[in-house]
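Novice: I have a structure here, written as structure tokens, and I will follow up with some questions on it.
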Amino acid sequence: MDGRPDPYSAGPPVSCRPNRAGTNSRGWPSQEPSMTTVRTRFAPSPTGALHIGGARTALFNWAFARGRGGRFVLRVEDTDPERSKREYEDAILDGFRWLGIDWDEGPDVGGPFAPYRQSERAGRHLERAHELVAKGLAYRCFATAEELGELRAGQEARKETLRYDGRYRTLDAAEAERRAAAGEAHTIRFRVPDQDSGGETVFDDSIRGRVRFSHAEVEDWIMVRTDGSPTYNFVCVCDDADMQITHVVRGEEHLVNTPKQILLFRALGLEPPVYAHLPLILGTDGKKMSKRTGDTALEAYRVAGHPPEAVVNFLCLQGWALDGEREVFDRSELVEHFDVKDVSKGGSIFDPDKLAWLSGEYLRAEPLEQTLERAAPFLAAAGLLVDGDLEERADFWRLAIESIRERVRLYAEIPAKLAFLFAPDSVLPWDAGAEAKTRANAGAADVLEGLASFLADLPDERFRRATLADELKQWCASQGHKLGAVFQPLRTALTGEPGGPELADVLVLLGRGRSVARLTAAVGRLRAS
RNA sequence: GGCCCCAUCGUCUAGUCAGGCCUAGGACACCAGGUUUUCAUCCUGGCGACGGGGGUUCAAAUCCCCCUGGGGUCACCA
């Protein structure tokens, strides 16, 4: 045995029915949500990182439920035992926490329809599969993988539509049971009704309107594999039904699965949920976003230093607009205004520039303390921030962040903007352009020398951020220097950069001693050659 | 290729369902000015789209049809 439940026995080891008695682990009252309560779900497959498109799908599901007093469910679709890993599941949940998306039911918090990992619901799935076989709504197929491969090759050669030909569709049921009982390997296929008599499945997609599929185009798909494990389309329906999901909001790639799923709901004697198929998020090549054309993993955007609020806001803008005018809005406004019906139909190309712009907007608008807190890991990684420094030099760090905040868009850009503060005063690296400009100014060395002694002699109470700019301007006036002829060399001497924070901030951040040291070093450097 | 979905500025979109208020609005990007000690922020302005063709109508970005273009999907993956 390979550890999987025996597909040929009907006994469900796990009950997936709602827990009607008592309360669950979260202490909810012992009542089921009424059928009118909106219930949405996001069902990630823990076989890799959370995709940025998946994050948007989850966000829309979340917003839709939250806006209607409904519940948002997280269900782990780990029906692929080979590729599913718990660490991926953990990472996916972390991604949602980072975005600020919370869930009412899920593998970690439980809920009235637990368990929320599909691998733990296998008994219920198989029970249903056998129920359908018994009713003749599904059947056993003894075709081997090789056999099906040949079938496909033949169809391909004849340029026919690739589809299972239903070769075991009409096998006598008793005969099938005998072969199964004898241990012959087989799958269980769904019997699509009215394939040859013009049957069709029609449904009203909340986003796309009426969509129809001819049953002639829907094959008798596999519900249970040879090894006894249930497949996605089958499990998905069982669980959506058991978990009383009312609205299935998912990516457009699932549109073609919908007739299969609706047919299964009907076979099970259940009403299908409302479907809404979201347009795809496209890469710069106009195709479904892939690693080649952009960062597909949500995690990449956290690492790149985007504020999560900006990512959420940006994801909203991919396929949805608040009113067509306002671009910047928060989660609560999303929840208040979002309706799946307003989502656009066409795919959207992911625009990193616009995301970066939004990130800058959020970065500048948030409390300074928050920027500092979020930038800290990046500063630490760059070696600029050591343990305890944030507390010991709180004023320094606050000012440092404030001084460059409107000059960056991502947390990750902050270290580079502050690196000059941590360079050695005697051999500060100079930007080539900045140096050239300074050297072109014949009096620069003399000006810097004058500034050095002026600053060295400036009384402490006048060496303050609020007044330093005026002090410098007055000094310029008193010396008969033009502002530009003084500030440019001063900036080069202090920062080595062509641009950057206000010089008053730089002086305070460096402190009088280091400022004067840098000025003196610059004078020497300019006169040396 | 079969089936399905889609189609407004370079990009994200509003407008399309209930045709006139649209000489098509906003945002990003880009360009040009302004503010500023630099860079940036900020402000002002500019550039820039209804894929094509038929209909219906007094009137079409909006409704219908065809074409073209793009995408998705065709697994014992999800």
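Novice: Leaving ligands, DNA and RNA out of it, report the carbon-plus-sulfur percent of the accessible area of region A:209-311 at a 1.4 Å probe.
Specialist: With neighbouring chains kept in place, the figure for region A:209-311 is 52 percent.
Novice: Hey, any idea what % of region A:458-511's accessible area is carbon plus sulfur with a 1.4 Å probe?
Specialist: The C+S portion of the solvent-accessible surface of region A:458-511 is 50 percent.
Novice: Residues of region A:171-186 with amide nitrogen under 20 Å from the 7 Å Cα-to-Cβ point of A:Gln155?
Specialist: Answer for region A:171-186: A:171, A:186.
Novice: Sticking with this one: For region A:293-303, take each phi angle, set θ = phi - 60°, evaluate the Karplus expression 6.51 cos²θ - 1.76 cosθ + 1.60, and give the result in whole Hz per residue in order, putting x for glycine and proline.
Specialist: Residue by residue, region A:293-303 yields 10, x, 7, 8, 8, 3, 3, 4, 7, 5, 5 Hz.
Novice: Evaluate the distance, in nm, between pseudo-label points positioned 7 Å from the Cα of A:Arg393 and of A:Gln479 along their respective Cα→Cβ axes.
Specialist: Calculated label separation equals 2.7 nm.
Novice: On a 23 Å Cα-Cα criterion, which of the cross-link pairs A:Lys437/A:Lys482; A:Lys437/A:Lys473; A:Lys85/A:Lys291; A:Lys417/A:Lys473; A:Lys417/A:Lys437 come out too long?
Specialist: A:Lys417/A:Lys473
Novice: Same structure again: Output the peptides A:60-66, A:301-307, A:172-178 sorted from most to least packed, where packing is the average of other Cβ atoms within 10 Å over each peptide's residues.
Specialist: On the way: A:60-66: 25.7, A:301-307: 19.9, A:172-178: 11.6.
Descending packing order for the listed peptides: A:60-66, A:301-307, A:172-178.
Novice: Cut-off 17 Å, label point 7 angstrom out along Cα-to-Cβ of A:Ala145: give me the residues of region A:229-247 whose amide nitrogen falls inside.
Specialist: Output list for this probe position: A:229-232.
Novice: Ignoring any ligand, DNA or RNA, what whole percent of the accessible area of region A:43-137 comes from carbon and sulfur when the probe is 1.4 angstrom?
Specialist: C and S atoms contribute 46 percent here.
Novice: Antiparallel as a % of all DSSP beta bridges within chain A, to the nearest 5?
Specialist: Values: 16 of 30 bridges.
Approximately 55 percent, going by the DSSP bridge assignments.
Novice: Mind listing which trypsin sites (Lys or Arg not before Pro) in region A:450-529 are in a DSSP loop and have 11 or fewer other Cβ atoms within 10 Å?
Specialist: A:Lys482
Novice: Going through the DSSP H helices of chain A, which span 30 Å or more along their own axis at the Cα atoms while scoring at least 0.5 as a mean Kyte-Doolittle hydropathy?
Specialist: Long hydrophobic helices here: none detected.
Novice: For a bin width of 10 Å, list the pair-distance distribution of chain A built from all Cα-Cα distances, rounded to whole %.
Specialist: Per 10 Å bin, starting at 0, the Cα pair percentages come out as 3, 15, 20, 18, 13, 10, 8, 7, 4, 1, 0.
Novice: Oh, and also: Please report the equivalent ellipsoid semi-axes of region A:179-321, computed as sqrt(5 x eigenvalue) of the Cα gyration tensor, largest first, in whole Å.
Specialist: In descending order the semi-axes read 35, 20, 15 Å.
Novice: A follow-up question, please. A:Met223's amide H: which non-local residues (gap 5+, or another chain) put their own amide H closer than 5 Å, with H modeled 1.01 Å from N in plane and none for Pro or chain starts?
Specialist: For A:Met223, whose amide H was placed from the backbone, the distant partners under 5 Å are A:Ile188, A:Arg189, A:Phe190.
Novice: For A:Ala300 and A:Val109, compute 0.36 nm times the residue count separating them, minus their Cα-Cα distance, and round to one decimal in nm.
Specialist: Difference between extended and current length: 66.1 nm.
Novice: OK, next. Skip the ligands, DNA and RNA, and give the accessible area per residue of chain A with a 1.4 Å probe, whole Å². Kindly include the intermediate steps, with their values, before the conclusion.
Specialist: Details: 24400 Å² over 529 residues.
It amounts to 46 Å² per residue over chain A.
The values are calculated or read from the model by the stated rules, or taken from the named source; none is laboratory data. Just so we're clear, the structure is a prediction, and the values are computed from it rather than from any experiment. Here the Cβ is made from the backbone with ideal geometry for all residues, glycine too, and neighbour counts use every protein chain on show. All accessible areas refer to the heavy atoms of the entire protein, side chains included, with ligands and DNA or RNA removed. Shrake-Rupley method; radii C 1.70, N 1.55, O 1.52, S 1.80 Å.
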